[in-house]
Ligand code: WTA
């Protein structure tokens, strides 16, 4: 692979002077200090992580073995004799010392309806709800599915599970009944926690109705706890359905934490892979919590008194890490944002930053691209002087957008951090350190502590040892928050991450390393589409399309999109005698089976799809046709039906 493009000199942004002269100074305040700590974390991981685990977490039983096991069998353990409780670490130890400190600032959908929740209050609420769950039979190791809007009760539900050692599985509230059902069934949850309705961007979402539809095919669910959010009347079927508030009143506001092993699972998070079936990624209590705490402290340079403003949904790993576990494990204050960047106006984020004096702001590049389109007049009037660190995650940020973020939002006095990570990595893996790393717009820069990166030749699997390298991104050794398995499918875990390149964890992303050693993440090399930072698999979308009675075959592709990064487009062939199919029905089909965010922007109804002789659809060719690159379609000789290509080009042109 050519590496000429890696020689381009990118503008280097030094760490803003005002951050270095702050008192207290950044936790890591020079590139030399970063290098020293990073080297220690790689050369002596046992000492490095052992020390940090005792510094950042409270253990009920100390650990003796920091790390054991490896990638080959997927038997990695961290802190294996250690015992702790995540909710104790996030609540009790701070509430005992400082009960009146604000833990969560809730910014509701409608401006002006914000609410602050202290550590003392949060601990009592979590305990009460944990007692409710306990009274309904929930115990250590049980899985609990949570499908909730962005309300404080979602945080309470999550931490109540952690208090009992139950395993939470939060399903993003944008998923449809079908996707929700699959996730509840896969996790074998007997308990579901939800709300009556919710509001987002001024629109009402009929949450309970979605749950009811999903549960038609989940006979194993015994109880549904319903939080009253809007108060509208919703379908309610006792004794299965139980009102949150009715039960809460019965319970005492203290519940002793169930002390679990470091390797006991803390949660399941479903994510898309190359095949249609979503993977339930398992994160464990000790390692995950340690990395979540370390991310907030080092990646966001969290100091006492800071206000962390992560705009992600708690249904994604970013929300778990940067709204709940990271801030609370540090005894910090986090904003829980329940609206959209443009509701009621495109100034919403900046009003929230100014109102709550947010110090660390974190969102997805897609939101920045959208707001940039509206113009800086929506940003400029707001006092953003509290901001110190502004970050992005979830997808590549293009240099132009980075520069705009830096200048307009960061006013050239903030550290801009492009953080690269995955649901499976559990915490940030490639990132600038706010007080140490000179940044290059579009590069996630350098590895976080303990992340031993390698760039491999995708064909041979050999490691590219030169500084300049282009290939696929892999990690050489275990880190504390790495996913330990896929729920009930360890073999799939090994197949997906450990077996493609022996001895490495495979990220599924392409990456480059330039002459200065900076990493540039290129995006997925598998069949995963990243729409506005949401991961979708092509086969998941295809399965939804194929369920339509008129569909014969379907192919989904990701196409570049100015705002969303990528959008979904689909090609469908119809069964004979089904000429009347409306494209809208097909789009609706995906909305219904996965969720609105997965709906294809365009569906082409075509006569045939390009296939190899073994019957594999060549999505690469479809992508090129849609992007107008018909003169670089590559080798078509492997196609079983090369004539289709010309017909397809015409069909796309005429649609
Ligand atoms: C992509 C989100 C470029 C990548 C935290 C990865 C990124 C997938 C970045 C994981 C970034 C995430 N630059 N690409 N800074 N961050 N990605 O599991 O393709 O929802 O594999 O985790 O998003 O998405 P996930």
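Each reported figure results from applying straightforward, stated rules to the coordinates on display, with no laboratory input. Keep in mind that what you see is a predicted model, and the values were worked out from it rather than measured. All Cβ positions, glycine included, derive from the backbone under ideal geometry; neighbour counts span all protein chains shown.
Fewest first, what order do 578, 238 take by the number of other Cβ atoms within 10 Å?
238, 578
Using 1/(1 + (r/R0)^6) with R0 = 30 angstrom and r between the beta carbons of residue 252 and residue 213, what's the FRET efficiency to the nearest 0.05?
0.25
By how many nm would the segment from residue 18 to residue 39 lengthen if fully extended, with 0.36 nm per residue of separation less the alpha-carbon distance?
Residue separation times 0.36 nm, minus the Cα-Cα distance, leaves 4.8 nm.
Compute the length gained on full extension between residue 342 and residue 30: take 0.36 nm times their separation in residues and subtract their Cα-Cα distance, giving the result in nm to one decimal.
108.6 nm
Considering only DSSP beta bridges where both residues belong to the range 393-539, give the percentage that are antiparallel (nearest 5).
Counting DSSP beta bridges with both partners in the range 393-539, the antiparallel share is about 95 percent.
Sort out for me the Cα centre separation of the range 194-236 from the range 154-179, rounded to whole Å.
Taking the Cα centre of the range 154-179 as reference, the centre of the range 194-236 is 14 Å away.
With labels modelled as points extended 7 Å from the Cα through the Cβ direction, what inter-label distance (nm, one decimal) is found for residue 546 paired with residue 240?
That separation, rounded to one decimal, is 2.9 nm.
Note down the nm distance, to one decimal, between modelled labels 7 Å out along Cα→Cβ at residue 525 and at residue 465.
2.0 nm
Could you sort 199-211, 406-418, 258-270 so that the peptide with the highest average Cβ count within 10 Å comes first and the rest follow in order?
Peptide ranking by packing, descending: 258-270, 406-418, 199-211.
Quick check: pseudo-label points 7 Å beyond the Cα along Cα→Cβ at residue 61 and residue 577, how many nm apart are they?
Once both label points are built, they end up 6.8 nm from each other.
With a/c under 1.5 counting as rounded, go ahead and sort the chain into rounded, prolate or oblate using the C-alpha gyration tensor (a ≥ b ≥ c being the square roots of the eigenvalues; past the cut-off, prolate if a/b is larger than b/c, else oblate).
Note, shape of the chain comes out rounded.
Going by average Cβ density within 10 Å per residue, which order do the peptides 282-293, 5-16 take, highest to lowest?
Put in order of decreasing packing, that is 282-293, 5-16.
Report, in deg cm²/dmol and to the nearest 500, the calculated mean residue ellipticity at 222 nm for the chain, where each DSSP H run with n ≥ 4 adds -39500 (n - 2.57) and the sum is divided by the residue count.
For the chain, the value works out to -7500 deg cm²/dmol.
Test of understanding: what is the full-extension gain from residue 374 to residue 499, defined as 0.36 nm times their sequence separation minus their Cα-Cα distance?
This chain segment gains 40.5 nm when fully extended.
Can you give the FRET efficiency for residue 654 and residue 259, using 1/(1 + (r/R0)^6), R0 = 51 Å, r = Cβ-Cβ distance, to the nearest 0.05?
Result of the calculation: an efficiency of 0.20.
Among 390-401, 585-596, 607-618, how do they line up by average Cβ neighbours within 10 Å per residue, starting with the highest?
390-401, 585-596, 607-618
Run the numbers on the chain and let me know its relative contact order in percent, using alpha-carbon pairs under 8 Å that are six or more apart.
14 percent
Could you tell me which of rounded, prolate or oblate describes the range 202-310, using a ≥ b ≥ c as the square roots of the eigenvalues of the alpha-carbon gyration tensor, with rounded for a/c under 1.5 and, failing that, prolate when a/b is larger than b/c and oblate otherwise?
Here the range 202-310 falls in the prolate category.
For residue 585 and residue 222, what is the calculated FRET efficiency with R₀ set at 25 Å and r taken between the beta-carbons, to the nearest 0.05?
Approximately 0.10, to the nearest 0.05.
Rounded to the nearest 5, what % of the DSSP beta bridges within the chain are antiparallel ones?
About 60 percent, rounded to the nearest 5.
How big is the antiparallel share of DSSP beta bridges in the range 532-653, given as a percent to the nearest 5?
Of all bridge pairs located within the range 532-653, approximately 75 percent are antiparallel.
Can you give me the Cα centroid spacing of the range 254-272 and the range 98-114 in angstrom?
That distance is 25 Å.
Could you put 40, 424 in order, starting from the residue whose Cβ has the fewest other Cβ atoms within 10 Å?
Listing 40, 424 from fewest to most nearby Cβ atoms yields 40, 424.
Quick check: the distance between the Cα centres of the range 1-54 and the range 460-524, to the nearest angstrom?
The range 1-54 and the range 460-524 have Cα centres separated by 20 Å.
Using Cα pairs under 8 angstrom and six or more residues apart, how large is the relative contact order of the range 532-653, in percent?
The value is 22 percent.
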